[in-house]
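Asker: I have a structure I would like to understand better, so I am pasting it below and will then ask my questions one at a time.
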Amino acid sequence: MMRLKNGKWFAAIKFKGRMVGTSLDAYEHERAKAAMNLGRLLEQIERGEEPNQLKKKFQTMVPRYWEQFEKRIERKKTESIRYRNEIVIQLHLIPFFGETKIEDINEETIRDFVKSRERKGTAKSTLKKELRVLKDILVLANPVFEMPEIDFKNKGKTQSRALTMEEVLHVQKFVPDQSREFGKTYEMIYQILAFTSMDIKEVVNLNWDQIDLETGWIKSNRFKTGNAVKIPICKRLNDLLRSIKVRNIDGRLFNGINSKQVSTAIQRAFKTAGLAEFSAKSLRHFVASLIGNAGYSLELIGKGLGHSEGSRCTKVYVHPYDSTLKEAFGTLDK
């Protein structure tokens, strides 16, 4: 099983019905070390790991990851996920793990990665996505790899309640004051967010071709998942859209702005209104909660939010209003 080649020890091992030759990382005079490494290799094979793949550096597995990703993306059409994962791999995973052998990426190194990202303020939700990509790459070399349990420090913001209609309208008053040039545009985007549950990126990039005022629908795609979503146009939104007289040549509703600008302006408006704990994303919670408190199902709400069928994420967006809770407990009097 062990043999010498050019002054180094190698092993010939039967793996999945075929003979595999692999280095034991020991020179001729290190027979004891070679024997220990052979035992380690046999343990790896018993666990279903691939010895030769484990010796590869992390960054060499990335092209193989993208090959697998292409097969998945072809089915799901999730271009936005591709873009996000490219950033995760190039900016975070390769700089940290790039030169490390797959077999040396263990619980300790992964925790070190998490700590380094948390020191930069990365929230739990973002880190979980990054670790998911890391796992997808590692399992290509180590099919039995399991991600360790992580105690995240930066939990991120969790919304404990939904905005009321009065609060949404109150904040709207402060949005135009955030920019002399784009204040009115920011207000329109704010209103569309409040009437549709769309994300800022979706609204900023909204095109007139996606809007049918006659039938009363907006057709969009979720930036995060690529899921197609149809959003009914309520009367308030219909009136707002019909009030937009200027049509841009490229068909977009809004030109010359980006989602970051809008997000910052809306955040400042919330702060001015005395509601600093809320943000533009809170308007998705507002829409979902308004519909949920009216008695409609999570399945229907999830469809309007653009969530995948059966997603457990939908219930996070629905918060009971005090008035609904009182009405429910009013049944005790009957």
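Asker: All but one of (1) in contact with a Ser or Thr (Cβ under 8 Å, 6 or more places away or on another chain); (2) on the phi > 0 side of the Ramachandran plot hold for ASN154; state the number of the condition that does not hold.
Answerer: (2)
Asker: Is one or more of the residues making up segment 268-276 over 29 Å from SER311 (Cβ atoms), modelled with pLDDT of 95 or more and crowded, with 20+ Cβ neighbours inside 10 Å?
Answerer: Within segment 268-276, one or more residues are over 29 Å from SER311 (Cβ atoms), modelled with pLDDT of 95 or more and crowded, with 20+ Cβ neighbours inside 10 Å.
Asker: Related question: Can you pull out every residue in segment 119-141 that is within 16 Å of the chain's Cα centre (by Cα), not acidic (Asp, Glu) and not in a loop (DSSP other than H, G, I, E, B)?
Answerer: LYS124, SER125, THR126, LEU127, LYS128, LYS129, LEU131, ARG132, VAL133, LEU134, LYS135
Asker: Same structure, new question: Determine which member of the set ILE291, ILE233, ILE249 is more than 21 Å from MET165 (Cα to Cα) and in the same structural domain as SER197 (by TED's automatic domain parsing).
Answerer: ILE249
Asker: For segment 97-118: of the residues being touching a strand residue (DSSP E or B) at 6+ places or on another chain (Cβ under 9 Å) and assigned to a helix (DSSP H, G or I), which is nearest to ASP136 (Cα to Cα)?
Answerer: Result: ILE102.
Asker: So, in segment 225-255, exactly how many residues are surrounded by fewer than 16 Cβ atoms within 10 Å (Cβ to Cβ), touching a Gly at 6+ places or on another chain (Cβ under 9 Å) and under 29 Å from ARG84 (Cβ atoms)?
Answerer: The number of residues fulfilling the criteria is 3.
The values are calculated or read from the model by the stated rules, or taken from the named source; none is laboratory data. Predicted, not measured: the structure shown is a model, and the values here were computed from it. As a convention, Cβ positions derive from the backbone with ideal geometry for all residues, glycine included, and neighbour counts pool all protein chains shown.
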